[in-house]
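Asks: Take a look at the following structure, please.
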Amino acid sequence: MDRLVIQGGTPLKGRIRVSGAKNAALPCLAATLLTDSEVRLSNLPAVADIRTMVKVLQSLGTEASLETEASGFELTASLKALGNEELKAPYDLVKTMRASILVLGPLLARWGRAIVSLPGGCAIGARPVNLHLEALERMGAQIEITHGYIEASVKGKLQAMDHTFEKVSVGATENILTAACLAEGTTILRNCAIEPEIGDLARLLVKMGAQIEGIGSSTLTITGVAQLHGCSHAVIPDRIEAGTYVCAVAAACGDVVIDACEPDHLRALMDLLERSGVEFTEATGPEGRQLRVKRDCGQKLRSKDATTVPHPGFPTDLQAQFMTVMTQAAGISVINEGIFENRFQHAMELERLGANLRIDDHKAIVAGPSPLSGCTVMATDLRASAALVIAGLVASGETVVDRIYHLDRGYAGLETKLQGVGARIERVGGGRV
Ligand code: EPZ
């Protein structure tokens, strides 16, 4: 089992290039089920979750090929969804990557049937899929849950509806948006999530011939069409990967230019950290938008409170990384986790490194600045792992982050990219993902 060994205390200096967004790539991959023509998706991050989603699609009869792009950290996938008799997404794949549920909508829309394993919970919460299933039933799907599988079918086509999601859900918005593209009639979806990844998915669907109005807003109007066709699409930059590196510089200090990112997707984090004492400069270079993050080692950070809410508010996927930054800020920071019920597992590991914090239900109270000293810590989920790596960059001495298979699910070449800006970090142990 791989681990990362980090010698802390070195400021970060240089440039890091962000890969494509995992959370845009996954719904885009699922959407390729809507057509039997070839779809080419590029700038996919070379991470485990992408490979898993491709395997799920292959289990559903998709012909797929993956090639690594020049940087070594991104992939281009060519996919042709020919389908198969069973149309079953198996438990052994779905249990490792909950986003497999995103194949349900397109399978029903294209073939009128699907068998998808219930994803089950994960480290950060119960992660129910009721919002997905209720909406599909309203569109005419018959849904049975038997032996841990969702067995869904619809006679003829899915039917359009005027539907208001009772809760903002990224996945449910993506699943139903995709299903509605081939439904009978015009579907109106209200109270949709507006994360940038949903806009990217919608732009892919439009390239495939879908008719979608309101892209970027919380009300989407989709006029169903008879069929969709192939296209090429590059997914947007990963705002959470970029935000993770922003937090690394804020915590460990230094001066780093993040290339191929989209600062407009990071405003909530940037506003908070700017008020805490971090300097940002935006520019446009040969690789598109750039964000320069600077914190001099003598520059003190001021504590800031944060509450995670749907986009464009502060993202839950940066909560753990932000907590690590606040361990180095002067004062008290109250961090509210407003999205998931169990997303503080990194807190106890940060405490072992010397952080001074307390958890009270959905609130983490962080007092700083606290000197961190290296030790062995254990990753529990994707973003918690990133928070522990950042803490290792700050801590004096050696920090070993165990179980970094969590990290490999969502970060392409994290240790290589950090080495590129001077971090003393090595991967030790078995093979790569
Ligand atoms: C997506 O998960 C992301 N994953 C998550 O990123 C991210 O944390 C989350 O959105 C919130 O931004 C992908 O895009 C692959 P939700 P998703 O449906 O779609 C509840 C990462 O680290 N809910 O917006 O599963 C749910 O329990 C991952 O990259 C229901 O109650 O999130 C949660 O409390 C972690 N019923 C809230 O809604 C449902 O049917 C928001 O969940 C669906 C969700």
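Asks: Checking the cross-link filter: which lysines have an alpha carbon closer than 18 Å to that of LYS22, excluding same-chain neighbours under 8 positions apart?
Replies: LYS55, LYS95, LYS417
Asks: Given Cα pairs under 8 Å that are at least 6 residues apart, what percent is the relative contact order of segment 22-234?
Replies: RCO, segment 22-234: 21 percent.
Asks: On to the next question. What are the aspartates and glutamates whose alpha-carbon lies under 15 Å from the alpha-carbon of LYS304, with same-chain residues fewer than 8 places away excluded?
Replies: Those aspartates and glutamates meeting the cut-off are ASP271, GLU274, GLU337.
Asks: Something else now. Enter the accessible area per residue of the chain (Å², integer; probe 1.4 Å; all protein chains in place).
Replies: Per residue, the chain has an accessible area of 37 Å².
Asks: How large, in percent, is the carbon and sulfur part of the accessible surface of the chain at a probe radius of 1.4 Å?
Replies: On the chain, the fraction of accessible area on carbon and sulfur atoms equals 49 percent.
Asks: Protein chains only, probe 1.4 Å: how do MET1, MET378 rank by accessible area, largest first?
Replies: Descending accessible area places them as MET1, MET378.
Asks: With springs connecting C-alpha atoms under 10 Å apart, model the chain as a Gaussian network and identify which of GLY374, GLY313, GLY224 has the largest mean-square fluctuation.
Replies: Of the options given, GLY313 has the highest mean-square fluctuation.
Asks: Would you kindly enumerate the cysteines in the chain that have no other Cys beta-carbon under 4.7 Å from their beta-carbon?
Replies: When partners are defined as cysteine Cβ atoms under 4.7 Å apart, the chain leaves CYS28, CYS122, CYS181, CYS192, CYS231, CYS247, CYS261, CYS375 without one.
Asks: Under the rule a/c < 1.5 gives rounded, and otherwise a/b versus b/c splits prolate from oblate, where does segment 22-234 land using the Cα gyration tensor?
Replies: Rounded.
Asks: Additional query: On a 0 to 90° scale, report how tilted helix 267-276 is relative to the longest principal axis of the chain, with both axes built from alpha carbons and the result rounded to the nearest 10.
Replies: The answer is roughly 10 degrees.
Asks: Over the heavy atoms of HIS229, what accessible area does a 1.4 Å probe trace out, to the nearest 10 Å²?
Replies: 90 Å²
Asks: Further question on the same structure: Which of rounded, prolate or oblate describes the chain when judged by the alpha-carbon gyration tensor and an a/c cut-off of 1.5?
Replies: Cα axes put the chain in the prolate bin.
Asks: While we're looking at this one, here's another question. Using only Cα atoms, find the angle between the long axis of helix 22-31 and the longest principal axis of the chain, and express it within 0 to 90 degrees, rounded to the nearest 10.
Replies: 10 degrees
The values are calculated or read from the model by the stated rules, or taken from the named source; none is laboratory data. Bear in mind the structure is a predicted one, so any value in this text is a computation, not a measurement. Glycine gets a Cβ as well: all are built from the backbone with ideal geometry, and neighbour counts include every protein chain shown. Note: accessible area is taken over every heavy atom of the protein model, side chains too, but ligands, DNA and RNA are not part of it. Shrake-Rupley method; radii C 1.70, N 1.55, O 1.52, S 1.80 Å.
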